[in-house]
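J.: First the structure, which I've put down as structure tokens, then a few questions once you've had a look.
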Amino acid sequence: MQAFEYSNPASLKEATALLAASWGEADVLAGGTDLISLMKDSLHTPKRVVNIKSIHELGGIVRTAAGLRIGATVTMDELARNAEVRAGYPALADAAAGIPSPQIRHMGTVGGDLCQRPRCWYYRQGFGLLAMKEGKSLVTGGENQYHAIFGGGPAYFVSASSLGPALIALEAKVRLLSAKGARVIPAIEFFVTPQDESTREIALRPDEILTEILVLAAATHSATYEVRQKEALDWPLAAASVAIKMKGPVVGSARIVLGHVAPTPWEATAAGEWLAGKNITVETAEAAGKAAVEGAQPLSHNTYKVTLAKTAVKRALLAAAKVRA
Amino acid sequence: MRSKKDPDRSRQAKGNFSRRGFIRGVGIGGGALGTGLLENAAEAAPATAASAGPGPVPITLNINGKPVNLTVEPRVTLLDALRNRLDLTGAKRVCDRGTCGACTVLMNGKSVYSCSVLAIDAQGKAIETIEGIAEPGKLHPVSAAFWNHDAQQCGYCTPGFVMAAKGFLAEHPNPNLEDVEHGLGGNLCRCGTYMGVRQAVLEAARTLKTQGGKNG
């Protein structure tokens, strides 16, 4: 790990002043569950590391008139246990609780979950986000069993965020703060598919800190369903988060977002729209799952993920509507 | 996949983790912590709120109930500080990427991967390692249960498993088998002794309860 200066600001004003205009100068440290590994692998070599855990206002889950404000340094453990989150936003609580390692849940933060770098093994081994060599993708002709089935390239890694799909389904917003001021953007705009190596997979700028997540007042039924290969620490093979607003006995509107299938959380818009006006039954949930994976473009070793994603949608819908399969 | 040489290792050998520093660290291990040894204390700038490093800075860690002073670069992980500087080698460096659990310690009572915590960042927290969970010559009920159930083969994962189990039982004093499986999802055993580990944790839960519910 390259040596760095460690800063421990007590206020956001101090913290944002310590960040730089370009990547590589400074990195924000929260739980450290990703950043420290990235630095060990020399994928991140910041000159300065800015610890934000001493900034009081970045913690805590607070109910506001508009909904819930979830601070960036809230740990995944706090999120999974929070009574309001569990009651009003099960999709979020499910996603946080789904991380199989208590050690990661104890340290890993909400902001860090959104800002973590892709787990793609080509990226982690130093081949870059797009893993291109001599103009060709190493992923499409290589070991791609855990890679994207949506998006069509040139990036084939999958977004590693556990909370991203749930936040998009819940129409949440994220607040980003720099020394120049704050901006609030919809969660769906936070995730970006990079087109070249100079861009990142998130909309955060190098001089910004993700300060909080804003979730609307709960009027939805929601759930997250993850398909995992093993019970120990790993990322899901596929996941789905759904949020349903009911209109009497039928669906008024539904948002279905797939996880771990594309470089960003992948909203299945048509499948959500198709559900409007229908009851959630085993049959309609299955049909929505089928619609959600319409147009998937699996690579040479990951066709199985299409089936997993389809099933994740079905099971998330049934869980959200509390229908027994 | 092709593996990449860890540039960290060679740099550390030249840098902070010198043989000299390691040998010096040995002297303050075990129960004799808190002697306040500082390496080049005069040269090292104190770790202020504003910034510290990149060179060595004096820090204070609270380990097994005792304050320990040491001087480390900000890049040094808690795991490396424990093992290389303080001779507390119970926590193991295996994956060193926050995945395997062999480096698990408790921080304010919660299990964490000490390989993924900076030592400088662990200041002000109560750190509990495998060395501190029982009196010398005695086994903690969790360790004793691991013994009783042959819950180790090579033993490399065991200190991490014991600490993870201790943290888990403090929060879940009455677990069932499924709770134990889920609660230890952050630790791997290459030898595959999971069956023994699960039974050991269930037994430790019973023992701790008959001892008045005190998990310590």
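We did not get these values from a lab; they are worked out from the coordinates using the rules stated. Being a predicted model, the structure only gives us computed values, none of them experimental. Here Cβ is always computed from backbone atoms with ideal geometry, including for glycine, and neighbour counts include all displayed protein chains.
J.: Assigning unit charges at the beta carbon (Lys, Arg +1; Asp, Glu -1) and nothing else, what dipole magnitude in debye, to the nearest 20, does segment A:5-320 show about its Cα centre?
T.: Around 400 debye, computed over segment A:5-320.
J.: Among A:181-189, A:110-118, B:62-70, A:216-224, how do they line up from the highest to the lowest mean number of other beta-carbon atoms within 10 Å?
T.: A:110-118, A:216-224, B:62-70, A:181-189
J.: Give me Rg over Rh for segment A:188-278, both radii from the alpha carbons and Rh done the Kirkwood way, two decimal places.
T.: Rounded to two decimals, Rg/Rh equals 1.04.
J.: How big is segment A:78-135 by the Kirkwood estimate over distinct Cα pairs, in Å?
T.: 13.5 Å
J.: Rounded to whole Å and sorted largest first, what semi-axes of the equivalent ellipsoid does the C-alpha gyration tensor of segment A:5-320 yield via the square root of 5 times each eigenvalue? Write out the running numbers ahead of the final one.
T.: Working: eigenvalues 183, 128, 50 Å².
Equivalent ellipsoid semi-axes, largest first: 30, 25, 16 Å.
J.: While we're on this one: For the residues B:ASP96, B:ASP179, A:ASP41, what sequence is obtained by ranking on other C-beta atoms within 10 Å, fewest first?
T.: Least to most surrounded, the residues fall as B:ASP179, A:ASP41, B:ASP96.
J.: Cross-link list B:LYS92/B:LYS125; B:LYS92/B:LYS166; B:LYS166/B:LYS209; A:LYS47/A:LYS136: which exceed 22 angstrom alpha carbon to alpha carbon?
T.: Those over the limit are A:LYS47/A:LYS136.
J.: Please give me, ordered by residue number, the GluC sites (Glu not before Pro) of segment A:74-141 that lie in loop per DSSP and have at most 10 other Cβ atoms within 10 Å. Before the final figure, lay out each step's value.
T.: Working: sites: A:GLU78, A:GLU84, A:GLU134; in loops: A:GLU134.
Within segment A:74-141, the qualifying GluC sites (Glu not before Pro) (loop, at most 10 other Cβ atoms within 10 Å) are A:GLU134.
J.: What is the gain in length, in nm to one decimal, between A:GLU143 and A:LYS13 on full extension, counting 0.36 nm per residue of separation less the C-alpha to C-alpha distance?
T.: My answer for the length gained is 42.4 nm.
J.: Tell me what chain A gives for mean residue ellipticity at 222 nm when only DSSP H runs of n ≥ 4 count, each as -39,500 (n - 2.57), the sum divided by the residue total, rounded to 500 deg cm²/dmol.
T.: Counting only the DSSP helices, I get -7000 deg cm²/dmol.
J.: Please get the size of the charge dipole for segment A:100-140, origin at its Cα centre, with Cβ charges of +1 on Lys and Arg and -1 on Asp and Glu, quoted in debye to the nearest 20.
T.: 80 debye
J.: Can you list residues whose amide H is under 5 Å from B:GLY186's amide H, if they're 5+ apart or on another chain and H is modeled 1.01 Å from N?
T.: When sequence neighbours closer than 5 places are left aside, the close amide H contacts are A:GLN103.
J.: Moving on to the next point. Kirkwood-based Rg over Rh for segment A:20-75 (C-alpha set), two decimals?
T.: Radius of gyration over Kirkwood radius for segment A:20-75 works out to 1.10.
J.: Taking the alpha-carbon distance from A:LYS278 and a cut-off under 23 Å, which lysines remain once sequence neighbours fewer than 8 residues away in the same chain are dropped?
T.: A:LYS245, A:LYS247, A:LYS290, A:LYS310, A:LYS314, A:LYS322
J.: Still on this structure, I have one more. How many nm separate the modelled label positions at B:ALA144 and B:THR60, each set 7 Å beyond the Cα in the direction of the Cβ?
T.: Between B:ALA144 and B:THR60, the simple spin-label model gives 3.6 nm.
J.: Still on this structure: 7 Å from Cα along Cα→Cβ at both A:TYR304 and A:LYS230: what's the point-to-point distance in nm?
T.: The two pseudo-label positions are separated by 1.4 nm.
J.: What value does segment B:65-216 have for Rg/Rh, both radii from Cα atoms and Rh as Kirkwood defines it? Please report the intermediate quantities before stating the final value.
T.: On the way: Rg = 14.9 Å, Rh = 15.5 Å.
For segment B:65-216, the value is 0.96.
J.: Follow-up. So what are the radius of gyration and Dmax for the Cα set of the protein assembly as shown, in Å?
T.: When restricted to Cα atoms, the protein assembly as shown yields Rg and Dmax of 23.7, 74 Å.
J.: Okay, moving on. Scanning chain A for helices, which whole DSSP H stretches are 20 Å or more long along the axis (Cα) and average -0.5 or more by Kyte-Doolittle?
T.: Those that clear 20 Å and a mean of -0.5 are A:304-320.
J.: Further question: What translational diffusion coefficient, in µm²/s and rounded to a whole number, does the Stokes-Einstein relation yield for segment A:15-171 at 25 °C and a viscosity of 0.890 mPa s, taking the hydrodynamic radius as the Kirkwood radius over Cα pairs?
T.: Here the translational diffusion coefficient equals 142 µm²/s.
J.: Find the relative contact order for segment A:234-325 and round it to a whole percent, using C-alpha pairs within less than 8 Å whose residues are 6+ positions apart.
T.: 30 percent
J.: Let me ask something else about it. Return the sequence-ordered ³J(HN,Hα) values of segment A:223-236 in whole Hz as given by the Karplus equation 6.51 cos²θ - 1.76 cosθ + 1.60 applied to θ = phi - 60°, using x for Gly and Pro.
T.: Computed from phi, the couplings for segment A:223-236 are 6, 10, 10, 10, 9, 10, 7, 8, 7, 7, 4, 6, 8, x Hz.
J.: Can you tell me the FRET efficiency between B:GLU135 and A:LYS47 if r is taken as the Cβ-Cβ distance and R0 is 41 Å, rounded to the nearest 0.05?
T.: The value I calculate is 0.35.
J.: Separate question: Roughly how compact is segment B:141-210, stated as its Cα Rg over 2.2 N^0.38 Å to two decimals?
T.: Compared with the compact-globule rule of thumb, segment B:141-210 sits at 0.95.
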